[in-house]
1. Could you check segment 12-37 and list, in sequence order, the residues that are basic (Lys, Arg) and touching a Ser or Thr at 6+ places or on another chain (Cβ under 9 Å)?
2. Mind checking which residues of segment 13-32 are buried (at least 21 other Cβ atoms within 10 Å of the Cβ) and under 12 Å from the mean Cα position of the chain (by Cα)?
3. Restricting attention to segment 65-87, does a residue exist that is charged (D, E, K, R), over 15 Å from Ser13 (Cα atoms), touching a strand residue (DSSP E or B) at 6+ places or on another chain (Cβ under 9 Å) and assigned to a loop (DSSP other than H, G, I, E, B)?
4. Can you tell me which residue among Leu93, Leu124, Leu108 is surrounded by 16 or more Cβ atoms within 10 Å (Cβ to Cβ), modelled with pLDDT of 95 or more and in a helix (DSSP H, G or I)?
5. Picking from Val37, Val33, Val17, which residue would you name as being at negative phi, touching a residue at least 12 places away in the same chain (Cβ under 8 Å) and part of a helix (DSSP H, G or I)?
6. Cβ-Cβ distance below 6 Å, separation of 6 or more or different chains: which pairs start in segment 116-134 with a residue that is over 14 Å from Ala91 (Cα atoms) and end on one that is polar (S, T, N, Q) and part of a helix (DSSP H, G or I)?
Amino acid sequence: MKMLIAVDGSEGSLQAVRHALTLASEGLAASFVLANVQEPASLYEVVTAHDPDVIREVRGAAGADLLAPAEALLATAGVSFESEVTGGDPANLIVEMAENYGCDAIVLGGAGSVATAVLAGTSLPVTLVRMPEAE
């Protein structure tokens with residue numbers, strides 16, 4: 001089974017990675033795609049940067065930084081994974097990336113407008129992972 005895990009750098013998205021690793025440790029034969037979607041450039045960024053390549057480079061570096069903790073969790077566990085940073089509408093691109101990578105499921109941390117739009121935009125199973133209750 002191939003799972004796409006959306007990672008935005010939040011503790012909720014790392015909890016989603018941990019959940020997927022728990023499934024793998026319990027016997028699910030799985031590989032993973034870590035996906036980070038950067039929001040489209042603002043008008044201010046476009047005007048000040050003057051170069052779309054600079055914007056792509058900065059956003060790619062930001063996305064790579066956000067993916068690093070999730071990549072470290074998967075690497076430490078010794079599981080197979082791929083990573084991608086892209087830019088645009090998060091919900092649409094999460095669904096598109098899952099399809100492009102041939103994923104069988106999508107895992108998201110928390111709930112919100114992106115999660116709701118992903119649920120509405122895909123026929124794949126979607127797992128929403130909530131943060132544990134504070135004690």
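The values are calculated or read from the model by the stated rules, or taken from the named source; none is laboratory data. Note that the structure is a prediction, hence the values are computed from the model and not measured. No Cβ is skipped: glycine too gets one built from the backbone with ideal geometry, and neighbour counts run over all protein chains shown.
1. Pass one, segment 12-37, residues basic (Lys, Arg): 18.
Once the filter is applied, which keeps residues that are basic (Lys, Arg) and touching a Ser or Thr at 6+ places or on another chain (Cβ under 9 Å), segment 12-37 yields nothing.
2. From segment 13-32, those buried (at least 21 other Cβ atoms within 10 Å of the Cβ) are 13, 16-17, 20, 32; that's our starting set.
Selection gives Ser13, Ala16, Val17, Phe32.
3. Checked against the condition, which is being charged (D, E, K, R), over 15 Å from Ser13 (Cα atoms), touching a strand residue (DSSP E or B) at 6+ places or on another chain (Cβ under 9 Å) and assigned to a loop (DSSP other than H, G, I, E, B), segment 65-87 yields no hits at all.
4. Details: Leu124 fails: in a helix (DSSP H, G or I); Leu108 fails: in a helix (DSSP H, G or I).
From the options Leu93, Leu124, Leu108, the qualifying one is Leu93.
5. Values: Val37 fails: part of a helix (DSSP H, G or I); Val33 fails: part of a helix (DSSP H, G or I).
It is Val17.
6. Pairs that qualify, where the first residue is over 14 Å from Ala91 (Cα atoms) and the partner is polar (S, T, N, Q) and part of a helix (DSSP H, G or I), are Val129/Gln15; Met131/Gln15.
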